[in-house]
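Chemist: First the structure, which I've put down as structure tokens, then a few questions once you've had a look.
The values are calculated or read from the model by the stated rules, or taken from the named source; none is laboratory data. The structure displayed is predicted, hence computed values, not measured ones. Positions of Cβ are generated from backbone atoms using ideal geometry, with glycine treated the same way; all protein chains shown enter the neighbour counts. Side chains are part of the model used for accessible areas, which takes the heavy atoms of the whole protein and leaves out ligands, DNA and RNA. Shrake-Rupley method; radii C 1.70, N 1.55, O 1.52, S 1.80 Å.
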Amino acid sequence: MQKLKQKSNKEILSEHKSLSIQFSLDGFSFCIKDSVTNEILVLTEYPFSETLSSPSLLLDKITQIFESDKDLQIDFDTVKAIHENRLVTQVPNDFFDESHLKSYLSYSIKTLASDFVAYDDLTIGAKNVYVPYVNVNNFLFENFGEFEFKHHSTLLIEQLTEKYNQHENDIMFVHVTHSNADILIFRNGKFVLFNSFSFQCKEDFIYYILFCAEQLNMNPDEFSLYFAGHIIDDFETYSITHKYIKNIEFLQPNHDFLEKSDFFFPHSHYTLLS
């Protein structure tokens, strides 16, 4: 577990707090902000030693964390949950029918009859259709009452669209966790692709990046690639990417909170802290 707090006592003195939590089969993180000023007060990460095999095991982990971490045992003005998984697809509004949610996912993943399927509205004229961890949602409702939940790709698409909608060149964004990479591509300021891949080695990692670029005829010497998440220039994944992609930068966050940290990267937890 890694925890970063404001060095002052503001996290204690602030009476109005908001909670954002993000979870996957690889880990659990949460952020507490001053709900009036939106200032980040606390960031905590619980990476799991290995990828969990089921949502029920994820709930067991989260229950244990809630029982032991006192920062989660206080009152919050608002609570937001971010579901991070690969069980997602984007559907243009012109083709969207709420009565056929599972059919949209069936092209890329196997759904079960018991699966609950949700969707988020996107400002790009589409819906983000996904399978949330319902058991975790039920646990959060028991603890906090009403709360908001979204898929992590919804936040990535929305935040990057707002930030880069004026760019005319091809841009690729790669959001990295310990074993997964989300790839987003924008062309002429328009969102054109989101996909998520698991990787076990650096060769897997660069394969998916180059494959996505090839599908859209993107020249590795010309397009810009922005990294966010669990990656720095000392990592093998970065080094092998730099062999093939000329223009690489790290995505700059809209805060400086992580600059005070010895263990979080400045561009990590992009969706949770933005």
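Chemist: Please give the number of the condition VAL117 fails out of (1) open to solvent by 10 Å² or more (accessible area, probe 1.4 Å); (2) out of contact with any Leu (no Cβ under 7 Å at 6 or more places or on another chain); (3) not small (Gly, Ala, Ser).
Modeler: Just one mismatch for VAL117, condition (2).
Chemist: Output the residues belonging to segment 88-114 that are open to solvent by less than 70 Å² (accessible area, probe 1.4 Å), out of contact with any helix residue (DSSP H, G or I) (no Cβ under 7 Å at 6 or more places or on another chain) and under 17 Å from SER198 (Cβ atoms).
Modeler: Hit for segment 88-114 is ILE109, nothing else.
Chemist: Let me ask something else. Do the conditions hold for PHE191, that is, is it over 12 Å from the mean Cα position of the chain (by Cα) and under 23 Å from LEU52 (Cβ atoms)?
Modeler: When the stated conditions are applied, PHE191 does not pass them.
Chemist: Also: Inspect segment 126-138 for any residue being open to solvent by less than 80 Å² (accessible area, probe 1.4 Å), at pLDDT below 95 and not β-branched (Val, Ile, Thr) and give the result as yes or no.
Modeler: Checking segment 126-138: not a single residue is open to solvent by less than 80 Å² (accessible area, probe 1.4 Å), at pLDDT below 95 and not β-branched (Val, Ile, Thr).
Chemist: Further question: Please indicate, with yes or no, whether at least one residue in segment 155-168 is outside any helix (DSSP H, G or I) and not polar (S, T, N, Q).
Modeler: Yes.
Chemist: Now for a different question. Working carefully through the options THR37, THR78, find the one that is open to solvent by 20 Å² or more (accessible area, probe 1.4 Å), at pLDDT 95 or above, under 21 Å from LEU273 (Cβ atoms) and not small (Gly, Ala, Ser).
Modeler: When all the criteria are applied, what remains is THR78.
Chemist: Report yes if LEU272 is in a helix (DSSP H, G or I), in contact with a strand residue (DSSP E or B) (Cβ under 6 Å, 6 or more places away or on another chain) and in contact (Cβ under 8 Å) with a residue 60 or more places away in the chain, otherwise no.
Modeler: Considered against the rule, which asks whether it is in a helix (DSSP H, G or I), in contact with a strand residue (DSSP E or B) (Cβ under 6 Å, 6 or more places away or on another chain) and in contact (Cβ under 8 Å) with a residue 60 or more places away in the chain, LEU272 comes out as yes.
Chemist: Please verify whether ILE248 is over 21 Å from GLN159 (Cα atoms) and surrounded by 13 or more Cβ atoms within 10 Å (Cβ to Cβ), treating the condition exactly as stated.
Modeler: No, not satisfied.
Chemist: Give the residue that is surrounded by the fewest Cβ atoms within 10 Å (Cβ to Cβ), with candidates limited to residues of segment 149-182 that are at pLDDT 90 or above, of a type in the set (D, E, K, R) and more than 17 Å from VAL88 (Cβ to Cβ).
Modeler: Of everything passing the filter in segment 149-182, GLU162 is surrounded by the fewest Cβ atoms within 10 Å (Cβ to Cβ).
Chemist: Turning to a different aspect of this structure: List pairs: first in segment 230-251 and at pLDDT 95 or above, second in a helix (DSSP H, G or I) and surrounded by fewer than 17 Cβ atoms within 10 Å (Cβ to Cβ), Cβ under 8 Å, 6+ apart or cross-chain?
Modeler: GLU236/LYS202; THR237/LYS202; SER239/LYS202; ILE240/LYS202; ILE240/GLU203; TYR244/LEU210; ILE248/HIS242
Chemist: Then there is this: Could you check how many residues of segment 221-258 are of a type outside the set (Lys, Arg), over 25 Å from GLU45 (Cβ atoms) and part of a helix (DSSP H, G or I)?
Modeler: Total satisfying the criteria: 3.
Chemist: Can you name the residue in segment 183-215 that is of a type outside the set (Gly, Ala, Ser), touching a residue at least 24 places away in the same chain (Cβ under 8 Å) and in a helix (DSSP H, G or I) and, of all such residues, is surrounded by the fewest Cβ atoms within 10 Å (Cβ to Cβ)?
Modeler: GLU203
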